[in-house]
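Taken together, the values in this text are just the output of simple stated rules run on the coordinates, not laboratory data. Being a predicted model, the structure only gives us computed values, none of them experimental. We place every Cβ from the backbone using ideal geometry, glycine too, and count neighbours over all the protein chains shown.
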Amino acid sequence: MITHRPHGIEHPYATSPDQRVPVLPLTGTPVRLGVVAPDVTRVICEWGDVELELEPAKANTADAAALAGGEGHLSEAQANALGAEDAWSVDTPPVTTLTRYRFRAERDSADAGGERAEETAVEFSEWFEVAPAEWVASGGEVRGGGDRVEQVEWLVSERGVHRARFRLGLASGDRLVGFGERYDVLDQRGKQLDAVVFEQYKSQGVYGRTYLPMPFAHVVGENGEGWGFHVRTSRRTWYSSDDRELVVEVELGDEPVVDLAIYEGDPTAVLKQFLDEVGRAEELPDWVFRLWASGNEWNTQELVMARMDAHRDLAIPVGAVVIEAWSDEEGITIWRDARYEVTADGSAHKASDFEYRSDGAWPDPKAMIDELHARGIKVILWQIPLQKTEFSTGQVAADAEAMVRDGHAVLESDGTPYHNRGWWFPKALMPDLSVQRTRDWWTEKRRYLVEDLDVDGFKTDGGEHAWGHDLRYADGRLGAEGNNLFPVHYARTFGDLLRSAGKAPVTFSRSGFTGSQAHGIFWAGDEDSTWAAFRSSVIAGLTAASCGIVYWGWDLAGFSGPVPDAELYLRAAAASVFMPIMQYHSEFNHHQLPLRDRTPWHVAETTGDERVVPLFRTYAELRERLVPYLTEQTARTISTDRPLMRPLFFDHADDPEVWNHPHQYLLGDDLLVNPVLEPGAITWTTYLPAGDWTDVWTGEPVGNGQVTREVPLDVVPVYARTARWPGLAAVFR
């Protein structure tokens, strides 16, 4: 069988062996055509009136490397996602007009005795067409932008208008900040990037890819004035800039129109105008500011309680536990080892439908949750927005059947159910959360967790699984327009479930897009335990905040790979005290020894460093004392749109020196934080902009400009506004 898909699997950054590259060629350029054809001896492409012979193709090693992301239990799956077995390819002549093509595969036949015969079996593919495009000066309309928009062009073929491209002029000293959560640099001037939701497993700062993009950015001028822009689209966009201009390219739909908003003013004014359009965060309860604890391998009630007992016994305060491995990872609705009757129609269970084995993984989830609540610990359960399909019986199979039968699945262009094309939960169905009926159907299966078991929130993991420009959503959108919105719908879905049960909408997501500002908490996603990842995570928090994400955190010191050394762990913990969300987490490692838990006592045991537990305890206690400040400042952030984790340019845009210190930030109005981001540091220099400042660790006033202080492991440089110091001094006692 010959397989050729012009768009391939539609991985945003890599090509599959059966696709056309590029999908939309420019006039006068060649095309690489790929097919997968097993057990053949020859493949011919009938390219118009020309025959082209294909050659066996090899895997694109650059694509595979970009997918892998380094050591970790998911790396091999990513690297192998594209595959290259039985692949063939050929480069065509330059495309100048609409061209029809098809493939012919030949294989040697064999007689009944297995001997080679003279005849050759021939198989033909269907016919395909490719129409080249070119950039022209007319073809559509840019609405908005005024005089800032220059040199508009349109990518046109005989099939229609595909993209728009225009330029926004930049002054020599302008800075570009935003585009959603970005991991590489604060100022994106001179960079090339795009806005498409994507799961880059680790090394996000290296590859420039993000779970949480937005087609929005600030332009910050040297004098503190500036402006910003928002391309009002959920389609993919691209950006590149130099010393003169920013070039914006926009994917178009049926209507060749670009809707562009320009916001004038300082960074706060720009952000306010943007959030007036797309929505802003709502206040969450103050418990979210306490320490969160989790480990992917805490997969039994005994293990969870043992970790929480250790917190209690070591007097390390903890406010929430995230239980990831609570279900069977099949349907993600039922506690592993529970006994129940399958609902053949895929309808939801009630809490009373389940019995729990006394010798099972979770002998009494309700009693466990009640006990944790009695200790002041909230409970968050893990989720994934996919429905497995490899089971032929049981509840998972019944739910999958109902999902398709009752019209709750995202569809392919031909109306068949979409099956996840990615490497994580491959072939799974995806619920169509673009409409209320499916949001209700999906969450009804989880309602008993909230209403009867009293769960406090959900870790809404994943959300980046929609690949395909022509997927069909029930709200009328196709994939090119709807895929980026999927994670927004996902977090909203679980937030609405919690609200309907009288609880705060505490969701904990890594993916999102424009509009995610209004839906819960976010973390920076999967990362290694390295200093480089530490630095890139700080940048991620600041760029996300610049786009209106208020509740944000990261897996302190990273979650993947060997346990971090004591210095990295403690520096990361100290920094996380002064971020909106403080939490530790560790990756699944197949329960192999040595364990990779990021609990402070395990890090101490693994590294042999006796300082870890007492210092971590000190940090966690300080975090407890900071909760009232964080609660107050978050309310102020939501009412003023001045970010909680605030890059210095928001308050000091007219001070060019702040750009030389991109990892420094304000936490609320009154604390300036400068995390120690390099190993072996004995002293650390902070830039203090205009204002009166006090060193929170000494209580002594300090001057403006470069300030260097000693940084033992129990100190992260933090400076308070002197006028506010009397009210904050007790926090740092």
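Brief remarks on what is shown
- Where N is the number of residues in the range 587-733, Cα Rg divided by 2.2 N^0.38 Å: 1.20
- With the simple spin-label model, which puts each label point 7 Å out from Cα in the Cβ direction, the Ala261 to Thr640 separation comes to 2.2 nm.
- The long axis of helix 566-577 is offset from the longest Cα principal axis of the chain by roughly 80 degrees.
- In this simple spin-label model, placing a label point 7 Å from the Cα along the Cα-to-Cβ direction at both Leu595 and Val715 gives a separation of 3.4 nm.
- Maximal additional length on extending the Met1-Trp127 stretch stands at 43.9 nm, based on 0.36 nm per residue less the C-alpha distance.
- Judged by the ratio a/c of the largest to the smallest principal axis of the C-alpha gyration tensor, the range 645-732 counts as oblate, that ratio being 1.5 or greater while a/b is no larger than b/c.
- The overall shape of the range 134-264 is oblate: from the C-alpha gyration tensor, with semi-axes ordered a ≥ b ≥ c, the ratio a/c is 1.5 or greater and a/b is no larger than b/c.
- Spacing of the two label points (7 Å from each Cα toward its C-beta) at Thr120 and Ser347, in nm: 6.2 nm
- Tail weight of P(r) past 39 Å, computed on alpha-carbon pairs of the range 286-640, percent: 14 percent
- Helix 365-374 axis, angle to the chain major axis (alpha carbon atoms, nearest 10°): 30 degrees
- Length available on full extension from Gln192 to Glu158: 0.36 nm per residue minus the Cα-Cα distance, which gives 9.3 nm.
- Remark: the range 658-669, residue by residue, has Karplus-estimated 3J(HN,Hα) of 4, 6, 7, 9, x, 8, 7, 7, 9, 9, x, 7 Hz, where x stands for each Gly or Pro and the curve is 6.51 cos²θ - 1.76 cosθ + 1.60 at θ = phi - 60°.
- Residue ranges 166-179, 218-231, 605-618 sort as 218-231, 166-179, 605-618 when ordered by packing (mean number of other C-beta atoms within 10 Å per residue, highest first).
- Around Ile369: net Lys/Arg minus Asp/Glu count, Cβ-Cβ under 12 Å: -3
- Debye-formula intensities of the range 466-620, expressed as log10 I(q)/I(0) at q = 0.10, 0.12, 0.20 Å⁻¹, are -0.46, -0.63, -1.18 (one equal scatterer per alpha-carbon, no solvent).
- For q = 0.19, 0.23, 0.32 Å⁻¹, Debye-computed log10 I/I(0) when each Cα of the range 657-706 counts as one equal scatterer: -0.69, -1.01, -1.48
- Proportion of all alpha-carbon pairs of the chain beyond 44 Å (%): 28 percent
- Residues Ala730 and Val702, FRET efficiency given R0 of 25 Å [Cβ-Cβ distance, rounded to 0.05]: 0.80
- Length-normalised contact order for the chain - Cα pairs under 8 Å, 6+ apart - percent: 11 percent
- Shape category assigned to the range 528-598 from the gyration tensor of Cα positions, a/c cut at 1.5: prolate
- Gap separating the Cα centres of the range 324-381 and the range 1-35, nearest whole Å: 45 Å
- Unit Cα scatterers, Debye sum, the range 590-644: log10 I(q)/I(0) for q = 0.19, 0.20 Å⁻¹: -0.72, -0.75
- Candidate lysines for bridging to Lys58, where Cα separation is under 30 Å - those fewer than 8 sequence places away on the same chain excluded: Lys202, Lys427
- Förster radius 45 Å - calculated FRET efficiency between Glu283 and Ala367, Cβ distance, rounded to 0.05: 0.90
- Folded to 0 to 90 degrees: helix 531-546 orientation relative to the chain principal axis, Cα: 90 degrees
- Only helices enter the 222 nm calculation for the chain: every DSSP H run of n ≥ 4 contributes -39,500 (n - 2.57), and dividing by all residues gives -6500 deg cm²/dmol, rounded to 500.
- Label zone at Arg617, where the point sits 7 Å out along the Cα-to-Cβ direction: the range 551-566 residues whose backbone N lies under 19 Å: 566
- For Thr683 and Arg244, the FRET efficiency from 1/(1 + (r/R0)^6), where r spans their Cβ atoms and R0 equals 41 Å, is about 0.55.
- Set of aspartates and glutamates with alpha-carbon distance to Lys272 below 12 Å, sequence-local pairs under 8 removed: Glu264, Asp641
- Cα pair distances of the range 1-52 binned at 5 Å [whole percent]: 5, 18, 23, 26, 17, 8, 2
- Those lysines that a straight Cα-Cα span of less than 27 Å connects to Lys503, excepting residues fewer than 8 apart in one chain: Lys350, Lys366, Lys378, Lys445, Lys459
- Whole-number percent relative contact order across the range 413-537, with pairs defined as alpha carbons under 8 Å at least 6 apart: 22 percent
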